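Report on one structure; see the data block that follows.
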């Protein structure tokens, strides 16, 4: 048997790309040649090209749950994407496709099915996203992060693997983070991270509460693209970033407590790194409610404190953070006792099994 080849896909947000990168070192170690299929403008392109992985572009329409005129043209883009993907797959002859969801993955998965190549998909949330729901009939196996997700997937297809976590996250240095942020005091460090696109709601309340927060903490604020506010740059003990990549392991290592949205990748990283966290899930108004379910599962297991977006204001935030900091050891203990582990090895086993069939 010659060299094994895998084509990965997934995009739309960083959450659909970073888990793919978590698998790359192990796949390379096993001798796989790795390629990627994504869209021309998607966030996945920049991330994958920076990782020096061969990148193929296909057309893909967005799958919307709401009315939009583009809903009439996008099915044709998906159809074109399917033909593009099938041609790439037939030309490149991969042994297997690994899909992380997001709208770009649907034409790739169907293209793989038509080209008779096995597909392993991964679903991060408790309820499968629209892309993975559409792709499920064409997948060989669906890896899930939460045991609760199995109820939503056809019995013979679902496998609980956990979510893949990048190895470099475990290699961060608190000292380097303090140096990067130029913190002068040794106050505990609070990190705020609102997902790759940031969160205006969280950013606004953080800035409104900054005076009080800086009385107790040094603050690392990852506020999302286009959300920097220059007027706060001179504040002692406050450092803001649009987006971080190489710095993230150091910031994660340094954080004593974290405020975050409740995307599955992020919360499993906090779990793996044993970081006490306050989750503010995206509300039902602007999402399908998956983050609310993710957060509820983590709250039930004692890994996270949760506050709904509707209840977020200056007073409630300060009070929740003080409580979180005071009780942080309880959360750390629950995370230490958790059976949910890094999913890399479980997923790689499945990829190996189906690559060789």
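Quick check on the range 175-182. Is at least one of its residues surrounded by fewer than 18 Cβ atoms within 10 Å (Cβ to Cβ), touching a strand residue (DSSP E or B) at 6+ places or on another chain (Cβ under 9 Å) and part of a loop (DSSP other than H, G, I, E, B)? For the range 175-182, residues surrounded by fewer than 18 Cβ atoms within 10 Å (Cβ to Cβ), touching a strand residue (DSSP E or B) at 6+ places or on another chain (Cβ under 9 Å) and part of a loop (DSSP other than H, G, I, E, B): present. Note on the range 265-289: residues that are crowded, with 20+ Cβ neighbours inside 10 Å and farther than 23 Å from residue 327 by Cα total 2. Against the definition (in contact with a strand residue (DSSP E or B) (Cβ under 6 Å, 6 or more places away or on another chain), modelled with pLDDT of 95 or more and in the same structural domain as residue 271 (by TED's automatic domain parsing)), how does residue 317 come out, yes or no? Considered against the rule, which asks whether it is in contact with a strand residue (DSSP E or B) (Cβ under 6 Å, 6 or more places away or on another chain), modelled with pLDDT of 95 or more and in the same structural domain as residue 271 (by TED's automatic domain parsing), residue 317 comes out as no. Taking residues in the range 79-92 that are in the same structural domain as residue 58 (by TED's automatic domain parsing), and partners anywhere that are part of a helix (DSSP H, G or I) and surrounded by fewer than 16 Cβ atoms within 10 Å (Cβ to Cβ), the pairs with Cβ atoms closer than 6 Å and at least 6 places apart or on different chains are 86/114. Comparison of 77, 26 shows that the only residue that is surrounded by 13 or more Cβ atoms within 10 Å (Cβ to Cβ), farther than 20 Å from residue 137 by Cα and modelled with pLDDT of 90 or more is 26. For the range 244-257, a residue qualifies if it is crowded, with 17+ Cβ neighbours inside 10 Å and part of a loop (DSSP other than H, G, I, E, B), and the qualifying residues are 247, 255, 256. Pairs are defined by a Cβ separation below 8 Å, a sequence spacing of at least 6 or placement on different chains, a first member in the range 311-330 that is more than 16 Å from residue 205 (Cβ to Cβ), and a second member that is assigned to a helix (DSSP H, G or I); the pairs so defined are 325/216.
Being part of a helix (DSSP H, G or I) and under 28 Å from the mean Cα position of the chain (by Cα) is the filter here, so list the residues in the range 218-231 that pass it.
Step one: of the range 218-231, the residues part of a helix (DSSP H, G or I) are 230-231.
The answer is 230, and nothing else.
If you scan the range 83-135, which residues turn out to be part of a helix (DSSP H, G or I), within 25 Å of the chain's Cα centre (by Cα) and surrounded by fewer than 24 Cβ atoms within 10 Å (Cβ to Cβ)? Hits for the range 83-135 are 110, 130, 133, 134. Under the condition of being closer than 25 Å to residue 289 by Cβ and at pLDDT 95 or above, the residues counted in the range 322-357 number 4.
The values are calculated or read from the model by the stated rules, or taken from the named source; none is laboratory data. Owing to the predicted nature of the structure, the values given are computational and were not obtained by experimental measurement. No Cβ is skipped: glycine too gets one built from the backbone with ideal geometry, and neighbour counts run over all protein chains shown.
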